[in-house]
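Visitor: First the structure, which I've put down as structure tokens, then a few questions once you've had a look.
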Amino acid sequence: MRLFKNAHYDFMGNRKWAFLGSTLLIIIGLISLAVKGPKFGVDFAGGTIVQVKFLKEAVDLAKIRQALGELNLGDVSIQQFGSKTDNEVLISLQKTTSSLEGLSEGIRQSLAKVFPNQGFEIRRVEMVGPKVGSDLRTKGLWALILSLGGILIYAWYRFDFAFAVGGIGALAHDVLITIGAITLTNREFSLTVLAALMTIIGYSINDTIVIYDRVRENIRLKRGGNTLSDILNTSVNECLARTLLTALTTFFVATSLYLFGGQVINDFAFCMVIGVITGCYSTIFIASPVALWIHDKDKARAQRASAAESSSRMAAHGAKATTSKIAAMDKAQKSAKKDKVQGSV
């Protein structure tokens, strides 16, 4: 079975609609980020996480908050962890302490007073200091920037500047839309999310490089009277089945992780689902069209420069001709005067 046999969709001709749709999605995400602000997890903001599992039945989160109020832990966030049948809660504290054992024991005693017949166990206690969180945030941002810079240099060396910018534009598109989705769904930015963004970058550029390789082959074989737009359309159509099948299989895996992988990797799986969709889309509708747009801009700029140079040469040639003509006229006038004087004599 062969999908998309003899496909000849005009992706380059519809690139303006693709740019418009992507721009709208990115703007919505950025507005959401600006209004809500980034919601950093304990990894980046610092704080303490305590995971508690109740052994008999689900408990009221308000009662847990009431129980912890006696410990003066500051701003406390309590949320259900995993499915409802897991009976687990995640307690996030802004306060950090060097004595995790003491904190764990304090929480254990407070919960035991309020829920004497429930039975529970504290499964993990993790603490990140504010300075460590700030360092992780800075290093994470640099990791993203350096990875994009490295890919830009690699694509520029292997292909062309226009294709390198097209590839980076597609990656930035994927990252921005994923960040917008994280903000809109009130998820936290954590090391897990950072790992997902880095994975999306690697996945998306791999698909883009495959199409760029096909473009390079077709430029050698089909240059003739074909324009770059024709060659890009042909290359994307030839790789269309491969691109969609790869994205589809990855999408199934990421969706399975999102639905059944548990709460620990839920944020990672969510980002991967969004990233696989946007990565497939940007490979087809963003990377090559951006390269074509830059190529057309460069070509128009070169044509304008050539026209200006030609005009300048013509002007210089015209001025030289005019000077020669004036000199010839002066010479003729002098010769006429001389003949007139000799005739008078």
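The values are calculated or read from the model by the stated rules, or taken from the named source; none is laboratory data. These numbers were taken from a predicted model, which means no experiment stands behind them. Note: ideal-geometry Cβ built from the backbone for every residue, glycine included; neighbour counts use all protein chains shown. The area values use the complete protein model at the heavy-atom level, side chains included, leaving out ligands, DNA and RNA. Shrake-Rupley method; radii C 1.70, N 1.55, O 1.52, S 1.80 Å.
Visitor: In this structure, is D60 acidic (D, E) and open to solvent by 80 Å² or more (accessible area, probe 1.4 Å)? Outline the logic, then answer.
Guide: Numbers: acidic (D, E): yes; open to solvent by 80 Å² or more (accessible area, probe 1.4 Å): yes.
For D60, the condition - acidic (D, E) and open to solvent by 80 Å² or more (accessible area, probe 1.4 Å) - is met.
Visitor: Go through (1) in a helix (DSSP H, G or I); (2) among the polar types (S, T, N, Q); (3) open to solvent by 70 Å² or more (accessible area, probe 1.4 Å) for S22 and report which single condition fails.
Guide: (3)
Visitor: Here is a further query. Of everything in the stretch 229-255, what is of a type in the set (D, E) and either open to solvent by less than 10 Å² (accessible area, probe 1.4 Å) or in contact with a helix residue (DSSP H, G or I) (Cβ under 7 Å, 6 or more places away or on another chain) (or both)? Give them in sequence order.
Guide: First, pick out the residues of the stretch 229-255 that are of a type in the set (D, E): 230, 238.
Answer for the stretch 229-255, where residues must be of a type in the set (D, E) and either open to solvent by less than 10 Å² (accessible area, probe 1.4 Å) or in contact with a helix residue (DSSP H, G or I) (Cβ under 7 Å, 6 or more places away or on another chain) (or both): just E238.
Visitor: Oh, and also: Restricting to the stretch 142-191, name every residue that is farther than 30 Å from I49 by Cβ and assigned to a loop (DSSP other than H, G, I, E, B). Before the answer, list the steps.
Guide: The initial filter retains those residues of the stretch 142-191 that are farther than 30 Å from I49 by Cβ, namely 148-173.
Listed by number, the residues that qualify are F159, D160.
Visitor: Which one is modelled with the highest pLDDT among residues in the stretch 256-268 that are assigned to a helix (DSSP H, G or I) and loosely packed, with under 15 Cβ neighbours inside 10 Å?
Guide: Filtering the stretch 256-268 for residues assigned to a helix (DSSP H, G or I) gives 256-260, 266-268.
Right, trim to loosely packed, with under 15 Cβ neighbours inside 10 Å and you get 256, 259-260.
Details: S256: 94, L259: 91, F260: 87.
Checking each candidate, the answer is S256.
Visitor: Still on this structure, please answer the following. Which residue out of T48, T138, T85 is under 40 Å from the mean Cα position of the chain (by Cα) and more than 28 Å from L197 (Cβ to Cβ)?
Guide: Numbers: T48 fails: more than 28 Å from L197 (Cβ to Cβ); T138 fails: more than 28 Å from L197 (Cβ to Cβ).
Being under 40 Å from the mean Cα position of the chain (by Cα) and more than 28 Å from L197 (Cβ to Cβ) holds for just one of T48, T138, T85, which is T85.
Visitor: Something else about it: Can you confirm whether I122 is crowded, with 16+ Cβ neighbours inside 10 Å, closer than 30 Å to A170 by Cα and at pLDDT 80 or above? I'd like the intermediate steps shown before the answer.
Guide: Working: crowded, with 16+ Cβ neighbours inside 10 Å: yes; closer than 30 Å to A170 by Cα: no; at pLDDT 80 or above: yes.
Here the answer is no, as I122 does not meet what is asked.
Visitor: Oh, and also: Could you please let me know if C271 is under 25 Å from N218 (Cβ atoms) and crowded, with 18+ Cβ neighbours inside 10 Å? Don't jump to the end; show me each part of the working.
Guide: Details: under 25 Å from N218 (Cβ atoms): no; crowded, with 18+ Cβ neighbours inside 10 Å: yes.
No, not satisfied.
Visitor: Separate question: Which of (1) crowded, with 18+ Cβ neighbours inside 10 Å; (2) over 15 Å from G275 (Cα atoms) does W156 not meet, given it meets every other one?
Guide: (1)
Visitor: Consider the stretch 122-141. How many of its residues are in a helix (DSSP H, G or I) and basic (K, R)?
Guide: Going through the stretch 122-141, the residues in a helix (DSSP H, G or I) turn out to be 130-141.
Pick out the ones that are also basic (K, R) and you get 131, 137, 139.
Within the stretch 122-141, residues that are in a helix (DSSP H, G or I) and basic (K, R) number 3.
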